[in-house]
Amino acid sequence: MSAHAKDLAETDASHLGVLLVNLGTPDAPTPQALRRYLAEFLSDPDVITLPRLLWWPILYGLVLPFRPARSAEAYQRIWTAQGSPLLHETRAIAVALEAELESQLKIPVTVTTGMRYGQPSLAHAAHELMHTLPTTVVVLPLYPQFAQATTGSTLKQLNTLESATSALAVGHAVRDYHDHPSYIAALATSVRDHWQQNGRGQKLLISFHGIPQQVAERGDPYPKHCQRTAQLLATALELKDDEWQLVFQSRFGPAPWLQPYTDITLKQLAADGKRNVDVICPGFATDCLETLEEIALRYAEVFRAAGGEALRYIPALNSRPDHIKALAQIVRARLGRPESEMPVITAS
């Protein structure tokens, strides 16, 4: 029996559905759109873990009156003719992944895109997918490293979806793929491609989105997943210990987050005489505000102001063919392996 025939025999699948999930994006780079988006995002108790009675006055009295305008300016720096880079790249992945899985499995495959916050919503995407009547569904959050604030929140939200009809399919959710060999290989190839085209910097920073230190201390596996990904990537690139460093970006608020911080590290590298630094962000499957504006633009300015010359951002994997093949392998690995905590997705 061939590998794909064995997969299908285990799942009794004749039509595979994949729900591809990303974090989300505002509808437009405007203060009004950012206020709607941030209100939803920052209301999630898995994102902001403060007690609601303490957080609501801060959110509605301090954050939402002022932050949307600043965030809108940041989004305006990266907005394209196709709209939000995150949404555009996620849809490109969906199209390519659908074709790749159909080619491998020789059955109909439908891949729909949903966002945890903003549009298209998870509910809309799940219902759209279920109306195609798949016999098996795989939920693929585009978060390689598990965090309760990302994958955990996504699975929790999917479990809240209700329907007047019976469940049509069980979602086999991918909880993480932080050490999947094909994912690591795609990252390593992207770095080598960058070096071949642009030369090699004096240091490679492997930068991940941070989480509050307090959340990590409560047992969230995210820091260990980031460390594992970074070490595997450095090993694949045959880097010496002093040629790379794990760092964390995108902290929010006054409380300590995972360290070392990316921006402070860049200042120190410049002070130490490093003139050219490469940065890759393996936690982001698609380019977005945190990679295109925070790293490639804002932190590049921070590095130059501190005495550095060039911070070269290595793009996210996006719809690279090796990324698509890796995601296809990850989806296939979930076929036939349901887990009790995985959500049942229904359609009305």
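The values are calculated or read from the model by the stated rules, or taken from the named source; none is laboratory data. In this text, all values refer to a predicted model and were calculated from it rather than measured experimentally. Backbone-built Cβ (ideal geometry, glycine too); neighbour counts: all protein chains shown. These area figures cover heavy atoms from the full protein model, side chains too; ligands, DNA and RNA do not enter into them. Shrake-Rupley method; radii C 1.70, N 1.55, O 1.52, S 1.80 Å.
Values as computed for the structure displayed
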read-out: Any hit, the range 76-86, residues being crowded, with 21+ Cβ neighbours inside 10 Å, in contact with a helix residue (DSSP H, G or I) (Cβ under 9 Å, 6 or more places away or on another chain) and part of a helix (DSSP H, G or I); value: yes
read-out: Selection count, the range 248-265, where residues are under 30 Å from residue 82 (Cβ atoms), of a type in the set (A, V, I, L, M, F, W, C) and buried (at least 17 other Cβ atoms within 10 Å of the Cβ); value: 1
read-out: Qualifying position, being more than 22 Å from residue 41 (Cβ to Cβ) and aromatic (Phe, Trp, Tyr), among 117, 177; value: 177
read-out: Odd one out for residue 71, checked against (1) modelled with pLDDT of 95 or more; (2) of a type in the set (Ser, Thr, Tyr); (3) within 29 Å of residue 159 (Cβ to Cβ); value: (3)
read-out: Qualifying positions in the range 10-50 - part of a loop (DSSP other than H, G, I, E, B), open to solvent by less than 60 Å² (accessible area, probe 1.4 Å) and either at pLDDT 95 or above or under 20 Å from residue 222 (Cα atoms) (or both); value: 26, 28, 29, 30, 42, 43, 44, 46, 47, 48
read-out: Those residues of the range 269-289 which are touching a residue at least 40 places away in the same chain (Cβ under 8 Å) and surrounded by fewer than 20 Cβ atoms within 10 Å (Cβ to Cβ), in sequence order; value: 274, 275, 276
